[in-house]
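Remarks on the structure that follows.
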Amino acid sequence: MHFETRAIHIGHDVDPSTGAVSPPIVLSTTFERDADGGYSRGHAYTRASNPNRERLEAALALLEGGSVAAAFGSGQAATLSVIHTLKAGDHVIMPDDLYHGTRHLLNEHYARWGLQFSYLDMTDAETVAQAMRPNTRLVWIESPSNPRLKIANIVRIAEIAHAGGAICVCDNTWASPINQSPLALGADLVMHATTKYIGGHSDVLGGCIVGKQDDALFQQIRDFQIWGGGVPSPFDCWLLLRSIPTLPLRVQSHNDRAGRVAAFLYAHPKVTSVNYPGLADHPNHDIAAEQMRGFGGMLSFEVKGGQAEAIAVAAKVKLFTRATSLGGFESLIEHRASMEGPNSKTSPTLLRCSIGLEHPDDLIADLAQALESL
Ligand SMILES: *Cc1c(COP(=O)(O)O)cnc(C)c1O
(Lines give C-alpha, C1' and ligand atoms only; values in the text may rest on other atoms or scores of the structure.)
Protein backbone atom coordinates (compact mmCIF):
# COMPACT_ATOMS: atom_id res chain seq x y z
CA MET A 1 0.00 0.00 0.00
CA HIS A 2 1.10 3.56 -0.64
CA PHE A 3 2.16 5.86 2.15
CA GLU A 4 -0.95 8.12 1.94
CA THR A 5 -3.22 5.11 2.26
CA ARG A 6 -1.40 3.71 5.25
CA ALA A 7 -1.38 7.15 6.94
CA ILE A 8 -5.17 7.05 6.83
CA HIS A 9 -5.66 3.49 7.99
CA ILE A 10 -2.99 2.82 10.60
CA GLY A 11 -4.31 3.43 14.13
CA HIS A 12 -7.77 4.13 12.70
CA ASP A 13 -9.39 0.69 12.84
CA VAL A 14 -13.04 0.71 13.79
CA ASP A 15 -13.59 0.42 17.56
CA PRO A 16 -14.70 -3.19 18.14
CA SER A 17 -16.92 -2.45 21.16
CA THR A 18 -19.03 0.34 19.58
CA GLY A 19 -18.34 0.39 15.84
CA ALA A 20 -17.10 4.00 16.17
CA VAL A 21 -15.20 5.00 13.02
CA SER A 22 -13.39 7.86 14.76
CA PRO A 23 -11.63 6.27 17.74
CA PRO A 24 -13.17 6.82 21.17
CA ILE A 25 -11.12 8.74 23.74
CA VAL A 26 -10.31 6.52 26.70
CA LEU A 27 -9.87 8.81 29.71
CA SER A 28 -9.72 6.09 32.35
CA THR A 29 -6.42 6.21 34.21
CA THR A 30 -6.73 2.62 35.43
CA PHE A 31 -7.85 -0.64 33.83
CA GLU A 32 -9.49 -3.77 35.24
CA ARG A 33 -7.36 -6.82 35.98
CA ASP A 34 -8.48 -10.30 34.97
CA ALA A 35 -9.63 -12.73 37.66
CA ASP A 36 -6.19 -14.36 37.55
CA GLY A 37 -4.49 -10.97 38.03
CA GLY A 38 -3.39 -10.53 34.42
CA TYR A 39 -4.14 -7.71 31.99
CA SER A 40 -5.30 -9.60 28.90
CA ARG A 41 -6.77 -6.39 27.41
CA GLY A 42 -3.30 -4.82 27.33
CA HIS A 43 -3.52 -1.84 29.68
CA ALA A 44 -3.02 -1.41 33.43
CA TYR A 45 -2.41 2.28 34.15
CA THR A 46 -2.46 5.17 31.68
CA ARG A 47 1.06 6.46 32.40
CA ALA A 48 2.34 3.05 31.26
CA SER A 49 -0.01 2.67 28.27
CA ASN A 50 -3.32 3.93 26.97
CA PRO A 51 -5.41 2.89 23.94
CA ASN A 52 -5.19 6.35 22.33
CA ARG A 53 -1.43 6.56 22.85
CA GLU A 54 -1.03 3.05 21.46
CA ARG A 55 -2.86 4.01 18.25
CA LEU A 56 -0.81 7.21 17.92
CA GLU A 57 2.50 5.43 18.50
CA ALA A 58 1.68 2.84 15.83
CA ALA A 59 0.98 5.63 13.34
CA LEU A 60 4.15 7.58 14.26
CA ALA A 61 6.32 4.48 13.85
CA LEU A 62 4.82 3.91 10.42
CA LEU A 63 5.35 7.53 9.33
CA GLU A 64 9.08 7.33 10.06
CA GLY A 65 9.59 3.84 8.71
CA GLY A 66 10.43 2.58 12.21
CA SER A 67 8.84 -0.21 14.18
CA VAL A 68 8.42 1.44 17.60
CA ALA A 69 7.52 4.90 18.88
CA ALA A 70 7.15 6.59 22.25
CA ALA A 71 4.85 9.62 22.48
CA PHE A 72 5.54 12.45 24.92
CA GLY A 73 3.69 15.51 26.18
CA SER A 74 5.99 17.89 24.24
CA GLY A 75 8.97 17.87 21.93
CA GLN A 76 11.15 18.90 24.86
CA ALA A 77 9.98 15.90 26.91
CA ALA A 78 10.94 13.66 23.97
CA THR A 79 14.41 15.28 23.80
CA LEU A 80 14.83 14.73 27.55
CA SER A 81 14.27 10.99 27.12
CA VAL A 82 17.28 10.86 24.78
CA ILE A 83 19.47 12.93 27.10
CA HIS A 84 18.58 10.53 29.90
CA THR A 85 20.16 7.62 28.05
CA LEU A 86 23.51 9.33 28.78
CA LYS A 87 25.63 9.34 31.92
CA ALA A 88 27.84 11.90 33.63
CA GLY A 89 31.03 12.55 31.68
CA ASP A 90 29.56 11.67 28.27
CA HIS A 91 30.21 14.03 25.38
CA VAL A 92 27.44 15.20 23.06
CA ILE A 93 27.78 16.81 19.64
CA MET A 94 25.03 19.25 18.65
CA PRO A 95 24.53 21.58 15.69
CA ASP A 96 25.44 25.25 16.28
CA ASP A 97 22.13 26.27 14.68
CA LEU A 98 19.45 24.35 16.56
CA TYR A 99 16.17 24.73 18.36
CA HIS A 100 17.04 27.15 21.19
CA GLY A 101 15.10 25.04 23.73
CA THR A 102 17.41 22.07 23.16
CA ARG A 103 20.43 24.29 23.76
CA HIS A 104 18.79 25.75 26.86
CA LEU A 105 18.13 22.32 28.38
CA LEU A 106 21.71 21.20 27.86
CA ASN A 107 23.45 24.39 28.97
CA GLU A 108 21.23 25.24 31.92
CA HIS A 109 20.47 21.79 33.30
CA TYR A 110 22.78 19.05 32.03
CA ALA A 111 26.11 20.85 32.18
CA ARG A 112 25.60 20.66 35.97
CA TRP A 113 25.19 16.90 35.64
CA GLY A 114 28.61 16.61 34.04
CA LEU A 115 27.63 16.20 30.40
CA GLN A 116 30.02 17.79 27.89
CA PHE A 117 28.82 19.48 24.70
CA SER A 118 30.26 20.71 21.43
CA TYR A 119 28.15 22.89 19.15
CA LEU A 120 29.31 22.57 15.55
CA ASP A 121 28.52 23.73 12.06
CA MET A 122 27.39 20.34 10.73
CA THR A 123 27.10 21.38 7.09
CA ASP A 124 30.57 19.87 6.68
CA ALA A 125 30.42 16.33 8.08
CA GLU A 126 34.21 16.28 8.48
CA THR A 127 33.85 18.89 11.24
CA VAL A 128 31.89 16.26 13.16
CA ALA A 129 34.57 13.62 12.55
CA GLN A 130 37.21 15.97 13.99
CA ALA A 131 35.10 16.77 17.07
CA MET A 132 34.52 13.12 18.06
CA ARG A 133 36.12 12.21 21.41
CA PRO A 134 36.58 8.79 23.02
CA ASN A 135 33.60 9.65 25.31
CA THR A 136 31.27 10.95 22.56
CA ARG A 137 28.00 9.02 22.99
CA LEU A 138 25.43 11.14 21.15
CA VAL A 139 25.52 13.02 17.87
CA TRP A 140 22.36 15.11 17.50
CA ILE A 141 21.31 16.30 14.07
CA GLU A 142 18.71 18.95 13.31
CA SER A 143 18.26 19.28 9.57
CA PRO A 144 16.97 21.63 8.25
CA SER A 145 18.22 23.63 11.22
CA ASN A 146 16.49 26.42 13.08
CA PRO A 147 16.43 29.23 12.04
CA ARG A 148 18.99 29.18 9.22
CA LEU A 149 17.88 26.00 7.43
CA LYS A 150 21.36 24.54 7.29
CA ILE A 151 21.43 20.97 6.00
CA ALA A 152 23.51 18.21 7.58
CA ASN A 153 24.51 15.09 5.62
CA ILE A 154 22.65 12.48 7.69
CA VAL A 155 24.17 9.39 6.02
CA ARG A 156 27.74 10.59 6.55
CA ILE A 157 27.22 11.92 10.10
CA ALA A 158 25.49 8.71 11.21
CA GLU A 159 28.49 6.75 9.89
CA ILE A 160 30.89 9.00 11.80
CA ALA A 161 28.85 8.66 15.00
CA HIS A 162 28.71 4.87 14.73
CA ALA A 163 32.42 4.56 13.94
CA GLY A 164 33.09 6.39 17.24
CA GLY A 165 30.66 4.30 19.27
CA ALA A 166 28.00 7.04 19.53
CA ILE A 167 24.33 7.01 18.61
CA CYS A 168 22.93 9.40 16.02
CA VAL A 169 19.57 11.04 16.71
CA CYS A 170 17.80 13.35 14.27
CA ASP A 171 15.30 16.06 15.18
CA ASN A 172 13.10 15.73 12.09
CA THR A 173 10.51 18.32 13.15
CA TRP A 174 11.11 20.82 10.36
CA ALA A 175 11.31 18.34 7.50
CA SER A 176 8.39 16.23 8.77
CA PRO A 177 8.30 12.50 8.03
CA ILE A 178 6.88 13.28 4.59
CA ASN A 179 10.02 15.06 3.38
CA GLN A 180 12.78 13.12 5.14
CA SER A 181 13.30 9.65 6.64
CA PRO A 182 16.36 9.80 8.94
CA LEU A 183 16.10 6.15 10.04
CA ALA A 184 16.53 5.04 6.42
CA LEU A 185 19.54 7.39 6.18
CA GLY A 186 21.26 5.73 9.17
CA ALA A 187 20.00 7.58 12.27
CA ASP A 188 19.25 5.38 15.29
CA LEU A 189 16.33 7.44 16.57
CA VAL A 190 14.12 10.19 15.19
CA MET A 191 12.71 12.93 17.40
CA HIS A 192 9.70 15.11 16.58
CA ALA A 193 7.94 18.02 18.14
CA THR A 194 4.56 16.64 17.02
CA THR A 195 3.30 20.09 18.07
CA LYS A 196 4.35 21.26 14.61
CA TYR A 197 3.59 19.58 11.24
CA ILE A 198 2.25 16.31 12.65
CA GLY A 199 -0.33 18.20 14.75
CA GLY A 200 -0.70 20.74 11.96
CA HIS A 201 -3.45 22.84 13.57
CA SER A 202 -1.55 24.78 16.30
CA ASP A 203 -3.81 23.27 18.93
CA VAL A 204 -1.87 20.43 20.55
CA LEU A 205 1.57 20.07 22.16
CA GLY A 206 3.43 16.80 21.75
CA GLY A 207 6.66 14.99 20.99
CA CYS A 208 7.85 11.55 20.04
CA ILE A 209 10.85 9.31 19.61
CA VAL A 210 10.74 6.69 16.86
CA GLY A 211 13.13 3.73 16.78
CA LYS A 212 14.03 1.18 14.15
CA GLN A 213 13.50 -1.71 16.49
CA ASP A 214 12.65 -2.45 20.09
CA ASP A 215 16.34 -2.74 21.05
CA ALA A 216 18.11 -1.90 24.31
CA LEU A 217 18.34 1.78 23.31
CA PHE A 218 14.64 2.08 22.58
CA GLN A 219 13.78 0.22 25.78
CA GLN A 220 15.64 2.90 27.72
CA ILE A 221 13.50 5.55 25.97
CA ARG A 222 10.33 3.58 26.75
CA ASP A 223 11.36 3.17 30.38
CA PHE A 224 11.97 6.90 30.74
CA GLN A 225 8.63 7.64 29.08
CA ILE A 226 6.73 5.41 31.50
CA TRP A 227 8.65 6.21 34.69
CA GLY A 228 9.56 9.83 33.89
CA GLY A 229 5.89 10.33 33.15
CA GLY A 230 6.12 13.10 30.52
CA VAL A 231 3.28 11.48 28.58
CA PRO A 232 0.56 13.10 26.44
CA SER A 233 -3.08 13.01 27.53
CA PRO A 234 -5.49 10.67 25.70
CA PHE A 235 -7.12 13.73 24.09
CA ASP A 236 -3.74 15.03 22.88
CA CYS A 237 -3.09 11.60 21.35
CA TRP A 238 -6.52 11.66 19.73
CA LEU A 239 -5.91 15.12 18.22
CA LEU A 240 -2.54 14.07 16.83
CA LEU A 241 -3.92 10.86 15.35
CA ARG A 242 -6.76 12.89 13.83
CA SER A 243 -4.13 15.01 12.04
CA ILE A 244 -2.03 12.21 10.53
CA PRO A 245 -4.30 11.22 7.59
CA THR A 246 -3.96 14.74 6.14
CA LEU A 247 -0.21 15.03 6.83
CA PRO A 248 0.96 13.89 3.38
CA LEU A 249 -1.36 16.34 1.59
CA ARG A 250 -0.64 19.19 3.98
CA VAL A 251 3.12 18.84 3.70
CA GLN A 252 3.04 18.66 -0.11
CA SER A 253 1.11 21.95 -0.09
CA HIS A 254 3.46 23.54 2.46
CA ASN A 255 6.41 22.53 0.22
CA ASP A 256 4.79 24.01 -2.86
CA ARG A 257 3.85 27.32 -1.24
CA ALA A 258 7.17 27.79 0.57
CA GLY A 259 9.06 27.17 -2.70
CA ARG A 260 7.08 29.94 -4.40
CA VAL A 261 7.44 32.40 -1.52
CA ALA A 262 11.19 31.69 -1.35
CA ALA A 263 11.57 32.39 -5.08
CA PHE A 264 9.68 35.69 -4.69
CA LEU A 265 11.82 36.80 -1.73
CA TYR A 266 15.01 35.75 -3.49
CA ALA A 267 14.27 38.14 -6.34
CA HIS A 268 13.24 41.06 -4.10
CA PRO A 269 15.64 44.05 -3.95
CA LYS A 270 14.95 44.68 -0.24
CA VAL A 271 15.83 41.11 0.76
CA THR A 272 19.56 40.44 1.24
CA SER A 273 19.38 36.67 1.69
CA VAL A 274 16.87 33.81 1.75
CA ASN A 275 17.46 30.57 3.63
CA TYR A 276 15.48 27.83 1.87
CA PRO A 277 17.09 24.51 0.90
CA GLY A 278 15.02 24.32 -2.29
CA LEU A 279 16.81 27.35 -3.79
CA ALA A 280 19.50 26.24 -6.24
CA ASP A 281 22.10 28.50 -4.64
CA HIS A 282 21.40 27.43 -1.03
CA PRO A 283 24.89 26.32 0.10
CA ASN A 284 23.63 22.80 0.93
CA HIS A 285 21.08 22.46 -1.89
CA ASP A 286 22.70 19.35 -3.39
CA ILE A 287 22.66 17.32 -0.21
CA ALA A 288 19.12 18.54 0.56
CA ALA A 289 17.97 17.35 -2.87
CA GLU A 290 19.62 13.99 -2.22
CA GLN A 291 18.23 13.25 1.24
CA MET A 292 14.86 15.07 1.17
CA ARG A 293 11.73 14.36 -0.89
CA GLY A 294 10.54 17.97 -0.50
CA PHE A 295 12.14 21.11 0.93
CA GLY A 296 9.56 21.90 3.58
CA GLY A 297 7.38 24.81 4.61
CA MET A 298 9.93 26.77 6.66
CA LEU A 299 12.14 29.58 5.41
CA SER A 300 13.95 32.57 6.82
CA PHE A 301 15.20 35.73 5.17
CA GLU A 302 17.12 38.88 5.98
CA VAL A 303 15.96 42.35 5.04
CA LYS A 304 18.10 45.28 3.96
CA GLY A 305 18.89 47.61 6.87
CA GLY A 306 18.90 46.60 10.53
CA GLN A 307 16.69 45.19 13.25
CA ALA A 308 14.21 48.12 12.91
CA GLU A 309 13.56 47.28 9.23
CA ALA A 310 13.06 43.58 10.01
CA ILE A 311 10.59 44.38 12.79
CA ALA A 312 8.82 46.87 10.49
CA VAL A 313 8.17 44.13 7.90
CA ALA A 314 6.74 41.84 10.58
CA ALA A 315 4.57 44.74 11.75
CA LYS A 316 3.20 45.46 8.24
CA VAL A 317 2.08 41.98 7.15
CA LYS A 318 -1.64 41.29 7.36
CA LEU A 319 -2.09 37.62 6.44
CA PHE A 320 0.90 36.32 8.38
CA THR A 321 0.38 36.21 12.12
CA ARG A 322 3.28 37.46 14.25
CA ALA A 323 3.86 34.38 16.39
CA THR A 324 6.40 31.70 17.13
CA SER A 325 6.00 27.99 16.32
CA LEU A 326 5.33 26.38 12.93
CA GLY A 327 3.63 23.65 11.00
CA GLY A 328 0.03 24.86 11.29
CA PHE A 329 -2.26 25.69 8.36
CA GLU A 330 -1.88 29.43 9.05
CA SER A 331 1.25 31.35 8.02
CA LEU A 332 3.39 32.79 10.82
CA ILE A 333 6.21 35.33 10.82
CA GLU A 334 8.67 35.90 13.60
CA HIS A 335 11.57 38.19 14.44
CA ARG A 336 13.65 35.32 15.74
CA ALA A 337 16.46 37.13 17.61
CA SER A 338 14.04 38.90 19.96
CA MET A 339 12.17 35.59 20.53
CA GLU A 340 15.41 33.79 21.45
CA GLY A 341 16.41 36.50 23.92
CA PRO A 342 19.70 38.17 24.88
CA ASN A 343 21.90 35.07 24.25
CA SER A 344 20.57 34.64 20.72
CA LYS A 345 23.10 34.02 17.96
CA THR A 346 20.54 34.88 15.28
CA SER A 347 21.03 37.91 13.03
CA PRO A 348 18.84 40.89 14.05
CA THR A 349 17.68 41.31 10.43
CA LEU A 350 16.34 37.74 10.17
CA LEU A 351 12.65 36.95 9.89
CA ARG A 352 11.47 33.34 10.10
CA CYS A 353 8.32 32.22 8.32
CA SER A 354 6.19 29.14 8.66
CA ILE A 355 4.40 29.06 5.32
CA GLY A 356 0.84 27.88 5.79
CA LEU A 357 -1.80 26.65 3.41
CA GLU A 358 -3.17 29.99 2.17
CA HIS A 359 -2.99 30.59 -1.59
CA PRO A 360 0.67 31.39 -2.39
CA ASP A 361 -0.24 34.48 -4.46
CA ASP A 362 -1.95 36.00 -1.43
CA LEU A 363 1.07 35.29 0.78
CA ILE A 364 3.41 36.82 -1.81
CA ALA A 365 1.19 39.91 -2.20
CA ASP A 366 1.19 40.35 1.57
CA LEU A 367 5.00 40.16 1.83
CA ALA A 368 5.32 42.45 -1.21
CA GLN A 369 3.25 45.24 0.37
CA ALA A 370 5.15 44.88 3.67
CA LEU A 371 8.56 45.08 1.95
CA GLU A 372 7.39 47.97 -0.27
CA SER A 373 6.71 50.03 2.85
CA LEU A 374 10.39 49.96 3.91
C1 LIG B 1 9.24 23.23 18.63
C2 LIG B 1 10.48 22.46 18.46
C3 LIG B 1 10.98 21.66 19.50
C4 LIG B 1 10.32 21.60 20.87
O5 LIG B 1 9.03 21.09 20.83
P6 LIG B 1 7.92 21.49 21.96
O7 LIG B 1 6.74 20.69 21.57
O8 LIG B 1 7.73 22.97 21.87
O9 LIG B 1 8.49 21.09 23.29
C10 LIG B 1 12.13 20.93 19.26
N11 LIG B 1 12.76 20.98 18.07
C12 LIG B 1 12.32 21.74 17.05
C13 LIG B 1 13.06 21.76 15.78
C14 LIG B 1 11.16 22.51 17.21
O15 LIG B 1 10.74 23.27 16.19
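The values are calculated or read from the model by the stated rules, or taken from the named source; none is laboratory data. Just so you know, these numbers come straight off a predicted model, no measurement behind them. So basically every Cβ, Gly included, is an ideal-geometry build from the backbone, and we count neighbours across all protein chains shown. Protein only, heavy atoms only, side chains kept; ligands, DNA and RNA dropped before computing areas. Shrake-Rupley method; radii C 1.70, N 1.55, O 1.52, S 1.80 Å.
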Name every residue in the stretch 200-220 that is within 28 Å of Gly328 (Cα to Cα) and more than 16 Å from the ligand (Cβ to nearest atom), in order of residue number. Gly211, Lys212
Selection count where residues are surrounded by fewer than 17 Cβ atoms within 10 Å (Cβ to Cβ) and closer than 14 Å to Lys345 by Cβ, scope the stretch 101-119: 2
Scan the stretch 25-46 and tell me whether some residue there is surrounded by fewer than 15 Cβ atoms within 10 Å (Cβ to Cβ), touching a Gly at 6+ places or on another chain (Cβ under 8 Å) and part of a loop (DSSP other than H, G, I, E, B). no
Name every residue in the stretch 131-158 that is open to solvent by 20 Å² or more (accessible area, probe 1.4 Å), in contact with an Asp or Glu (Cβ under 8 Å, 6 or more places away or on another chain) and either more than 15 Å from the ligand (Cβ to nearest atom) or under 23 Å from Gln116 (Cα atoms) (or both), in order of residue number. Asn135, Arg137
Looking at Leu279, is it at pLDDT 95 or above, open to solvent by 50 Å² or more (accessible area, probe 1.4 Å), touching a helix residue (DSSP H, G or I) at 6+ places or on another chain (Cβ under 8 Å) and not charged (D, E, K, R)? no
When Ala262 is run through (1) over 19 Å from the mean Cα position of the chain (by Cα); (2) more than 22 Å from Leu332 (Cα to Cα); (3) not charged (D, E, K, R), the failure sits at (2)
Taking first residues from the stretch 246-274 that are in contact (Cβ under 8 Å) with a residue 12 or more places away in the chain and among the basic types (Lys, Arg) and second residues anywhere that are open to solvent by 60 Å² or more (accessible area, probe 1.4 Å) and assigned to a loop (DSSP other than H, G, I, E, B), the pairs with Cβ under 7 Å that are 6 or more apart or on different chains are Lys270/Lys304; Lys270/Leu374
Residue hits (the stretch 58-73; over 17 Å from Ser176 (Cβ atoms), touching a residue at least 60 places away in the same chain (Cβ under 8 Å) and surrounded by fewer than 24 Cβ atoms within 10 Å (Cβ to Cβ)) are Ser67, Val68, Gly73
Gly164 vs. criteria more than 16 Å from the ligand (Cβ to nearest atom) and either closer than 22 Å to His84 by Cβ or not charged (D, E, K, R) (or both): yes
Do any strands (runs of 3 or more DSSP E) lying entirely in the stretch 297-374 carry at least 2 residues that are over 27 Å from Val204 (Cα atoms) and open to solvent by less than 40 Å² (accessible area, probe 1.4 Å), and which ones are they? 298-303
Matching residues in the stretch 294-315 - criterion: being touching a residue at least 24 places away in the same chain (Cβ under 8 Å) and more than 22 Å from Glu358 (Cα to Cα): Glu302, Val303, Lys304, Gly305, Gly306, Gln307, Glu309, Ala310, Ile311, Ala312
Conditions (1) away from the ligand (no atom under 13 Å from the Cβ); (2) out of contact with any Cys (no Cβ under 9 Å at 6 or more places or on another chain); (3) within 26 Å of Ala289 (Cβ to Cβ); (4) of a type in the set (Gly, Ala, Ser) -> Ser176 fails only (1)
Name the residue that is farthest from Gly73 (Cα to Cα), counting only residues in the stretch 183-237 that are open to solvent by 60 Å² or more (accessible area, probe 1.4 Å) and hydrophobic (A, V, I, L, M, F, W, C). Ala184
Condition met for Leu106 (at pLDDT below 95 and within 21 Å of Arg352 (Cβ to Cβ)): no
For Thr5, the lone unmet condition from (1) among the β-branched types (Val, Ile, Thr); (2) in contact (Cβ under 8 Å) with a residue 24 or more places away in the chain; (3) in a helix (DSSP H, G or I) is (2)
Pairs where the first residue, in the stretch 137-166, is closer than 16 Å to Ala258 by Cβ and the second is modelled with pLDDT under 95 and part of a helix (DSSP H, G or I), C-beta under 6 Å, 6+ apart: Pro147/Arg336
